[in-house]
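A.B. asks: Quick one: the structure is below, and I'll ask about it shortly.
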Amino acid sequence: MVVAAIVAGCSGNDNGNHGTPDSGNPTPSGLTLHYHRALADYSGWNVAVSSGANESSASSSSTDGFGAVYQLTVKSGATQLSFTLVNGSSTDAAGTVSVDVSGTIREAWVFSGFSTAITQKPSAIPGADQVAVYYIRPDASYSGWALHTWGDVVTETQWTAPLQPVGTDPAPLGEAFLINVKPGAAHVNIIVHKGDTKDPGPDMGWDLAALGDIVFVTSGSANVTARPLAAGEVST
């Protein structure tokens, strides 16, 4: 059993987004919200705003590699924009999500079932015939850790030449990998390792029909999930 000892959200690295806007470059009022669902079932899902936006609701304007895209207008003077994602009488398990709009943040990424909005663009957003894997370590020590991949992938890695990360994001995302998969891919297998040291050890994998094209692995756990783990959340 592993407990995620991480700080949820990306506030540890604000990438300059929390500063006071430069008076010579006014912060735009438009906010772009990206919403990811593992099964990509976006039909009918809307944003229901509780505070901080001119709109009371918004429907998806388009989709991208992450998921559905929504456009909102930050209300003048607002410091927090809060919302839920709803589909008729159903509400996403993420509950109420809030974005700090007191500074220059005008874009956020939300995973279904995860209550913290990500305010720095994730490093791994899958394109066509790709999947993304995020590997989170509580100690944030990622040097040397990489992926062994096989299954419905375009190129199976050699143990001595593992797949390298495309970037490393603040918690709750972690080290980010993009894997090229075969058209119609159904299952991908992975091992996280550093040389001959595996984390945690057993072979891991997932069915894309169940968990989708963005998944998460927490150090010490063989459990692959469709969303990040919240701080203190248990992974078995």
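A.B. asks: Please work out the Cα convex hull volume for the range 130-235 and give it in Å³ per residue. Show your work: numbers first, answer last.
C.D. replies: Numbers: hull volume 9.3 nm³, N = 106.
Hull volume over Cα atoms, normalised by residue count, gives 88 Å³.
A.B. asks: How big is the Rg/Rh ratio for the chain, C-alpha atoms only, Rh by Kirkwood, two decimals?
C.D. replies: Details: Rg = 18.3 Å, Rh = 18.6 Å.
So for the chain, dividing Rg by the Kirkwood Rh gives 0.99.
A.B. asks: Show me 74-86, 164-176 ranked by packing, highest mean number of other Cβ atoms within 10 Å first. Let's see the in-between values first.
C.D. replies: Working: 74-86: 16.8, 164-176: 19.8.
Order by mean packing, descending: 164-176, 74-86.
A.B. asks: Once the dipole of the chain is set up with Lys and Arg at +1 and Asp and Glu at -1 on Cβ about the Cα centre, which of Ala58, Ala38, Gly184 lies farthest towards its positive end?
C.D. replies: Checked the options; the winner is Ala58.
A.B. asks: Using label points projected 7 Å from each Cα along Cα→Cβ, tell me how many nm separate Ser82 and Ala231, to one decimal.
C.D. replies: 1.9 nm
A.B. asks: Run the dipole for the chain about the Cα centre, Lys and Arg Cβ at +1, Asp and Glu Cβ at -1, nothing else charged, and hand back the magnitude in debye, nearest 20. Could you put the intermediate results ahead of the total?
C.D. replies: Values: 9 positive and 20 negative charges, 51 e Å.
Magnitude of the dipole: close to 240 debye.
A.B. asks: Among residues other than Ala48 whose Cβ falls under 12 Å from its Cβ, what is the net charge (Lys/Arg +1, Asp/Glu -1)?
C.D. replies: Numbers: positive: none; negative: Glu55, Asp92.
Result for the neighbourhood of Ala48: -2.
A.B. asks: Report the antiparallel proportion of the DSSP beta bridges in the chain as a percent, rounded to a multiple of 5. All intermediate terms of the calculation are to be shown ahead of the outcome.
C.D. replies: Numbers: 53 of 63 bridges.
Among the beta bridges of the chain, antiparallel pairing accounts for roughly 85 percent.
A.B. asks: Here's a follow-up. For a quick check, take a GNM of the chain with Cα springs below 10 Å and name the residue from Ala209, Ala117, Ala53 with the largest mean-square fluctuation.
C.D. replies: Of the options given, Ala209 has the highest mean-square fluctuation.
A.B. asks: Let me check I've understood the local charge: for Asn180, count other residues with C-beta under 15 angstrom from its C-beta, Lys and Arg +1, Asp and Glu -1. What total comes out?
C.D. replies: Values: positive: Lys182; negative: Asp129, Asp152, Glu156, Asp213.
Residues near Asn180 contribute -3 overall.
A.B. asks: Let me ask something additional. Restricting to DSSP H runs of at least four residues, report the calculated mean residue ellipticity at 222 nm for the chain, -39500 (n - 2.57) per run over all residues, nearest 500 deg cm²/dmol. Could you put the intermediate results ahead of the total?
C.D. replies: Values: 1 runs with 4 residues, N = 236.
Counting only the DSSP helices, I get 0 deg cm²/dmol.
A.B. asks: Count the net charge of all other residues whose Cβ sits under 15 Å from the Cβ of Tyr70, scoring Lys and Arg as +1 and Asp and Glu as -1. The partial results should precede the final answer.
C.D. replies: Details: positive: Arg37, Arg106; negative: Glu55, Asp64, Asp92, Glu107.
Local charge sum for Tyr70: -2.
A.B. asks: Above 20 angstrom, tally the Cα pairs of the range 18-111 and express them as a % of all pairs, no decimals. Can you show the working numbers first?
C.D. replies: On the way: 1461 of 4371 pairs.
That fraction is 33 percent.
A.B. asks: Straight-line reach from Lys182: which aspartates and glutamates have Cα under 17 Å away, leaving out those fewer than 8 places along the same chain?
C.D. replies: Partners within reach: Asp129, Asp152, Glu156, Asp207, Asp213.
A.B. asks: Assuming R0 = 41 Å, can you tell me the calculated FRET efficiency for the pair Ser29 and Gln164, based on Cβ-Cβ distance, to the nearest 0.05?
C.D. replies: On the way: r = 39 Å, r/R0 = 0.96.
So the FRET efficiency works out to roughly 0.55.
Since every read-out is calculated from the coordinates, none of them should be taken as a lab result. Nothing here was measured: the structure is a model prediction, and the numbers come from that model. Please note: Cβ atoms are built from the backbone with ideal geometry, for glycine as well, and neighbour counts cover all protein chains shown.
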